[in-house]
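A quick write-up on the structure given underneath.
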Amino acid sequence: MKKDIHPKYDMETKATCACGAVFKVGSTMPAIEMEICSQCHPFYTGNEKIMDTAGRVERFNKRKAASIKVKANK
């Protein structure tokens, strides 16, 4: 292998999120700035919202209620 061609790998790189969370990670970059992390991502925090632009959720719930009613009548 050639010498002095690889970047320096630092185990104490600071990764900063837009929410203010700071993590220490290993990277070849001197600092990392993120827009979203595991502390503010909706999937991990449980604050996930369904974007319903065309009324799909209401339409699905209406069909589901109708199918339950049909099954109950049989």
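How large is the convex hull of the C-alpha atoms of the chain per residue, in Å³?
Roughly 198 Å³ of hull volume per residue.
Enter the angle in degrees (range 0 to 90, nearest 10) between the Cα long axis of helix 56-73 and the first principal axis of the Cα atoms of the chain, meaning the one along which they spread out most.
Long axis of 56-73 versus the principal axis of the chain: about 40 degrees.
Assuming 0.36 nm per residue, please report the length gained on full extension of the stretch residue 4 to residue 44 beyond their Cα-Cα distance.
10.3 nm
Be a star and scan the range 30-44 for residues whose amide nitrogen sits under 20 Å from the point 7 Å along the Cα-to-Cβ vector of residue 18.
31-44, by backbone N distance to the label point.
Could you work out the relative contact order of the chain, using alpha carbon pairs under 8 angstrom and six or more residues apart, expressed as a whole percent?
Computed over the chain, the figure is 20 percent.
Just to be sure I understand: with springs between alpha-carbon atoms less than 10 Å apart, which residue in 62, 24, 14 has the highest mean-square fluctuation in the Gaussian network model of the chain?
62
How far apart, in nm, are the 7 Å Cα→Cβ label points at residue 60 and residue 33?
Going by the 7 Å Cα→Cβ label model, 3.7 nm.
Could you work out the helix-only [θ] at 222 nm for the chain, with each DSSP H run of four or more residues adding -39,500 (n - 2.57) and the total divided by the number of residues, to the nearest 500 deg cm²/dmol?
-9000 deg cm²/dmol
Read-outs throughout are calculated quantities, based only on the coordinates presented, and are distinct from any laboratory measurement. Values in this document were obtained by computation on a predicted structure and should not be read as measured data. Here Cβ is always computed from backbone atoms with ideal geometry, including for glycine, and neighbour counts include all displayed protein chains.
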